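The values are calculated or read from the model by the stated rules, or taken from the named source; none is laboratory data. Everything numeric in this text was worked out from a predicted model, so none of it was measured. Heavy atoms of the whole protein, side chains included, go into the accessibility calculation; ligands, DNA and RNA do not. Shrake-Rupley method; radii C 1.70, N 1.55, O 1.52, S 1.80 Å.
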Amino acid sequence: MSRRLRGRGAGALPTLGLLLLLLLLGSPATPGITCPTPTSVEHADIRVKNYSINSRERYVCNSGFKRKAGTSSLTQCVFNETAKVAHWTTPNLKCISAYQYNPRAVTAVSIPVTVLFVACLLFLLVRCRLRSRQAHQTPGVEMESMESVPMTTGADARGEDTEIHLHGLGGSGDAEATRGRSEGPALLQPEGT
């Protein structure tokens, strides 16, 4: 008796395998049924190669965007037995900007730029200050040359050259030059004192 059951059970294995194969390939009730165009995902595109049941496709984020961690770009064409409609599974893909604002990165860049700007500003201020000091100072060479020239000739109060009168070249002005020299500062005093 056990041999009979074993024999009948062994013959059932190919049939069971055939049924499993048919289930994996798709139900016989859906031949020729395909999925419509997949739903759009913000900042992503999809190129569908196969619209048949059980086919899988992937969305690709547009240039400048990347897939957010924890989301999937995969979608699959499935058949809803109750509604008798084929559709793509809803993807949970989120495409985010590849160039996210990172305050730490901005701070890391802005600190050296700020330091460089302040250093350049200080350099320019010091340079302007030194130039303004040089412009307000009288050159020392001119002062020395004027002080080193002896004042051997001079003019009396009338503007005549006293050296000419001292040597007797001025005629009657000799006496006046001598008198002007002996009187000294009295010539510079205002009249009427």
* 17 Å Cα-Cα reach of residue 68 towards lysines, excluding residues that sit fewer than 8 places from it in its own chain -> 94
* Structure fact -> Heavy-atom accessible area per residue of the stretch 27-79, all protein chains kept, 1.4 Å probe, expressed in Å², is 66 Å²
